[in-house]
Every structure is written in structure tokens, then in C-alpha cells.
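Comments concern the structure below.
A short reminder: the numbers here are calculations on the coordinates, not readings from a lab. Given the structure is predicted, the values throughout are model-derived calculations rather than measurements. As a convention, Cβ positions derive from the backbone with ideal geometry for all residues, glycine included, and neighbour counts pool all protein chains shown.
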Amino acid sequence: MENYVLRNGVEIPKIGYGTWKTPDGDTCIQAVETAIKTGYRHIDAAAVYGNEVSVGIALQNSGVERKELFITGKVWNTERGYGRTMRAFEKTCKDLQTDYLDLYLIHWPASPSQYKCWKELNSETWEALTDLYKAGKVRAIGVSNFRRRHLLPLLQEEIIPMVNQLQLHPGMTQDDTIALCREYDILPEAYSPLGNGKLLNSDSLRMIAERYGKSQAQICVKWSIQHGFLPLPKSLHEERMKMNRSVDDFELKEEDMKALDVLEGFGTGNDPDQITF
Ligand SMILES: NC(=O)c1ccc[n+]([C@@H]2O[C@H](COP(=O)([O-])OP(=O)(O)OC[C@H]3O[C@@H](n4cnc5c(N)ncnc54)[C@H](OP(=O)(O)O)[C@@H]3O)[C@@H](O)[C@H]2O)c1
């Protein structure tokens, strides 16, 4: 199966292409064009990555029809609240040269450590996403970096998130948040599915990869998919782009999945209640 189906029936390609840290300008244009050429149809963008204009040029240059592409945007932390979110959305669409997005996410939750009224602020931002969804400007809406405590209040809303994009990779499984996502049919997307590249040096991972005759990156992507997550690997290199989505011809054994779940040494990611940005 090429796609997951979101709780509102919208189909989303099972592997996405990440654009964080991709330098703006020619590098980004070429990387996104190459990703599309090698078969990616799902591009994960964000205003804060500072390269949406370049992503937009690549989408145009690709020659692939807009309706064949799945484009995600994210509203950044400085733009929370109803009016700012609406304006941020318009700018993102303009920069990406599109009149709708397939998925729009709240990039990080406002947290109790930053704001007394964090729930209200998240709810206002969510109301903007809900109105964009009802107006047909986005096909699906969701959140990112929302842990269980941030997600719970949104589950009382009329429309609840369809996606939660989280740091998920071998050694980082975010079990309590994932359990809540599963309970409410919220698709977990796996960001940094290769542990931002650092994970690929793990000896344990290398040994598992050797047994399957696959690369460490392919094992990470497959681990995501076997968990029902949607991985978003990023690479600037064509061969790696191809490799990262060539994972259909093998299956990880249960014992290897378990060993990967508890792979040690790669931290616990940014806690949304501790971030200073
Ligand atoms: N919502 C959020 O807060 C959030 C946070 C972080 C990331 N994300 C999303 O998730 C995407 C992916 O995460 P990420 O960028 O942190 O990292 P990642 O995809 O886990 O890892 C990317 C790193 O791995 C290297 N790499 C890729 N494929 C490889 C392969 N086959 N063999 C060896 N090395 C390989 C890349 O180098 P080269 O480029 O040189 O190949 C790059 O250094 C982001 O681009 C972004 O779209 C979202």
C-alpha cells in the first residue's frame, strides 16, 4: 500500500520528503526537484525552514500536477493565535505557489512553561486551522510536537487533529503520546526518522542492517512503517533519496523491532515544555 488514509478519508503518501536544514536557493530547488523525480510525492515543508520559496519553485519546475503532490506546511511559534495563523497560512501558500495545502500543522504547542493561557492559545490557533479546513483551503489539519498533555485539550474540539508529527526513530517511541494518537485515529508522522543522521552510526543498528542486507537508513524507515508511522527522511543526495524509499522488499522480525525500539544513546528529543524558541 502506497498511502495511509487519514481519519477524514484523505490519502497521504506513506513516505514523505523532509526539507529542514536544506539550504535555501539552488540547493533546495535541486533537492526537491530530484526528490520528486525519484518518486516522492509528499513534501514536508515549514515556514521556519526559510526555504518555502525555493520549495515552491521546485514544485513548479517538477512538471508534476499539483493534485498528484501532497504538500504539508506548518505555522511557526511566533504566529500562534487566530489572525496571525491566517496570515501565516496565506504567506506560506504564496511562497509555495499553491492555492491550497494538503496538510497544515501547528509546529509546536504553546506550553504551560511559556504561557499561563497555553490551552487558550493552542485552541485559538486550532480554530484558525479548523476554519481553513472548513473553507477548503487545506485538505487535512494536525499538530506537531504535541505530547499527550498538549493533545488532550484539542480532543474536545469539534474537529480533532488528523496528524501528529513527532520525533520518532529507533530509540525514541513516545509511547504514551502514540497510544493516545492510536485511540483517536490520529496518524503519527515520524520526523528525524534517521535520528537526524546521527543514529546511522549505531553499531547495533549496523549489525541488524547487515543481517537484512539493507542500509541503516532503510532499517530506520522500515521500522517507522511497521509501527504505522509515516517517516519523513531528508537527504540532499539522489542515491540516498532512492534508497530511503526502497523498503518494500523486506520485513523486520518482531525481535529486531523490539531491539530497535530500545536502541540506546540518542536522547529524548526536545521537550515542548522546555523549549526556548
Ligand atoms: N516538526 C518538527 O518539529 C520537525 C523537526 C525536525 C524535522 N522535521 C521534518 O523531518 C524531516 C527529517 O528529519 P531530519 O531532517 O531531522 O533528519 P533525518 O531525515 O532523520 O536525517 C537526515 C540526515 O541523514 C542523512 N541521510 C539521509 N539519508 C541517508 C542515507 N541513506 N545514508 C546516510 N545518511 C543519510 C542526511 O544527509 P544528506 O542530506 O547529506 O544525505 C541528513 O544529514 C525534516 O527535514 C523535516 O521535514 C520536523
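Every residue in the range 192-247 that is out of contact with any Phe, Trp or Tyr (no Cβ under 6 Å at 6 or more places or on another chain), of a type in the set (Gly, Ala, Ser) and on the phi > 0 side of the Ramachandran plot, please.
Ser192, Gly197, Gly213, Gly228
When you look at Gln218, is it near the ligand (Cβ under 10 Å from one of its atoms), surrounded by fewer than 23 Cβ atoms within 10 Å (Cβ to Cβ) and over 23 Å from Tyr49 (Cα atoms), yes or no?
So Gln218 fits the description; yes.
Residues of the range 63-84 being of a type in the set (S, T, N, Q) and out of contact with any Asp or Glu (no Cβ under 6 Å at 6 or more places or on another chain), which ones?
Across the range 63-84, the qualifying residues are Asn77, Thr78.
Report the residue count in the range 7-46 for those that are within 19 Å of Thr92 (Cβ to Cβ), touching a residue at least 60 places away in the same chain (Cβ under 8 Å) and away from the ligand (no atom under 14 Å from the Cβ).
Of the residues in the range 7-46, 2 are within 19 Å of Thr92 (Cβ to Cβ), touching a residue at least 60 places away in the same chain (Cβ under 8 Å) and away from the ligand (no atom under 14 Å from the Cβ).
Of all residues in the range 228-251 being more than 11 Å from the ligand (Cβ to nearest atom) and within 19 Å of Asn164 (Cβ to Cβ), which is surrounded by the fewest Cβ atoms within 10 Å (Cβ to Cβ)?
So the residue we want is Gly228.
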